[in-house]
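The values are calculated or read from the model by the stated rules, or taken from the named source; none is laboratory data. What you see is a predicted model; the values in this text were computed from it and never measured. All Cβ positions, even for glycine, are placed from backbone atoms using ideal geometry, and neighbour counts span all protein chains on display. These area figures cover heavy atoms from the full protein model, side chains too; ligands, DNA and RNA do not enter into them. Shrake-Rupley method; radii C 1.70, N 1.55, O 1.52, S 1.80 Å.
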Amino acid sequence: IPSHDLQRAVSSTSYIQLSWTLAELNNYICQSFPMVSLNVIGFHLARANYSKSLIRIQANTLKELKTAVGRSRLYIIPQTNITLPSEMSTPIASSTAIRPAASPNAPPAIDVGPSQSPRPSATTTLASPSMSLFSTMDTDGSPPRTDLNPSLEEVDLATILKMFQEDHLSAGLVSTICIRRKKLLESAIRALSRVTFCWTESPHIEFVGEDADDMGGPQRKFFRLLMIEVQTTLGIFEGKAGQVFLTYDQAALDQQKYFKGGNLIAWSIAHGGPCVKALDPSLYQLMCGQEPSLEQFDWHVLPDPDVQNKVERILQCKTAGDLTAVKQDLGDWIAECGVPGIFSATVEDVPKIFAYVVKHYIFLRTAKMINQFTDGINTFGKLWDIVKENWIAFLPLFTNMQEPLSKAAFKAIFSFNYSSRGSNRREAEEDTIYCWEMVLNMIEDKVTELQFEEILIFVTGGDEVPALGFPSKPSIDFYEQEAGQRRLPFASTCMMCLYLPRGVTEEGILHDMLFQAIRGSLGFGKV
């Protein structure tokens, strides 16, 4: 119900201050609605989740409340029925009332008068501010907004994923997944096919033959390698690396490979892992129900050379003579692509014909495969529905938007565990870090084969910072070289810590040690 219909008394210039106590916030809310005795009937605070249902918020301070709300809006839910006086007419109905949620974790039900049909249930999503709001106010220090619907167009990817995890994952429950590294994809599919498999449980990854307990590192490594396998080995994608399309393979369709691929991708995303990051951007938009402009589509990325030649000929039609030749040579093929009007087309129609043919080839032709693939993703918490609703936010997960790590971005990831300032150990550590900086310069200047992503994989198991961030900040620590021995740098992917030898004074030596350690590493536990 719009706040103005409850005769809100507080000026629109009043802000919520993060310095307030919760008691002061509650008092502010009660005073904001003088026609309703909120201080008597009580109320809960809530936020909207990705499906636009309300979730109760538990917070001890306003800062905790602001963190929980994120970029959503703050909702006030009364603990008893409220029937508006007849003189307070609303666009909905004079008998509109809001019932309290049945339980602290359940979203509120909304009772609507005769003018609204059908009647929402306790799981009804929020269709519009006039149906959903008892009151809303912003928690970022800005004036209250009354023009925004609580949709996830306002919410970034990290917030969406965090809310998805809160709503679906089973906190504290772990499922052990046994993986044969040389048969990683097959192992993962077999794990999903077990009757006891539950995608909401946190996967505890055990690599056969590798003595390492999964405290996070093996899981990050596993999902990174799994997404590579799904893209390159499963047989459901084709095209250039980083810009792929779904294959047209009826045998794979019958074998449910597209569905399995969707399952594996959703499993990774749900637990904070990466996605394939490889779909052609135009295909991804089409899959999300968008209509990208295809008249300027880069036909060079099409995986079939014969199709490339055909669409190039269409695009190169500049005169009536060119078009006549295309009609004679390719008319039947273009008509089979869903453009029967090709035989009556003019030169002015060529860009549109080109776009239709491209859309047919990359999207309509493989519609059954795409549907099976997205159904596989949707099996896990209706995740594809969330992707479609927030397709811009999910672009970095499904398309190749990843830029190579810069030196500055790489350095910002790590902290240093130095010894006490002024100690001999600290002096030796600073010698090593100076050489470390020189090695980073070598990578930035491309005078070595090492890459920043390789070091990140060696330390964390992932080649980029996850959308939800790392559970803690990766760090660099130090160790003493024993006399007469040469121990290579090593890492703990669970602790996300890189260990460097103290007292290295030549960058060439540190570079060679890092290169040997990283390129020679075989997996977890091999330190």
Hey, got the Cα dimensions of region 217-364 along the principal axes, in Å, largest first? 62, 28, 25
Which value, in Å² rounded to 10, gives the accessible area of residue 374 with a 1.4 Å probe and all protein chains present? 20
Calculate the all-directions average of the projected area of region 380-527's alpha-carbon convex hull, and give it in nm². 11.0
Accessible area of region 358-489 with a 1.4 Å probe: how many percent of it is carbon plus sulfur? 50
Semi-axes of the equivalent ellipsoid for region 277-359, please: Cα gyration tensor eigenvalues, times 5, square-rooted, ordered largest first, whole Å. 23, 13, 11
Here are some pairs, 257/277; 183/473; 240/277; 240/407; 411/473; 221/382; which of them have Cα atoms lying more than 22 Å apart in this structure? 183/473; 240/407; 221/382
Which ³J(HN,Hα) values in Hz, rounded to whole numbers, follow from the phi angles of region 393-409 under the Karplus curve 6.51 cos²θ - 1.76 cosθ + 1.60, where θ = phi - 60° and Gly and Pro get x? 4, 8, 3, x, 7, 9, 10, 7, 10, 6, 8, x, 4, 8, 4, 5, 5
Considering only protein heavy atoms, with the full assembly of protein chains and a 1.4 angstrom probe, order 75, 418 by accessible area, largest first. 418, 75
Whose amide H sits under 5 Å from the amide H of residue 478, counting only residues 5 or more places off or on another chain, with H placed in the peptide plane? 500
When the C-alpha atoms of region 173-280 are aligned to their principal axes, what extent does each axis show, in angstrom, from largest down? 40, 28, 25
Net charge within 10 Å of residue 338 by Cβ-Cβ distance, Lys/Arg positive one each and Asp/Glu negative one each, not counting residue 338 itself? +1
Sequence-separation-based contact order of region 147-302, relative, with Cα cut under 8 Å and 6+ spacing, percent: 20
Evaluate the distance, in nm, between pseudo-label points positioned 7 Å from the Cα of residue 208 and of residue 447 along their respective Cα→Cβ axes. 4.6
R0 = 41 Å: FRET efficiency of residue 505 with residue 412, Cβ-based, nearest 0.05? 0.95
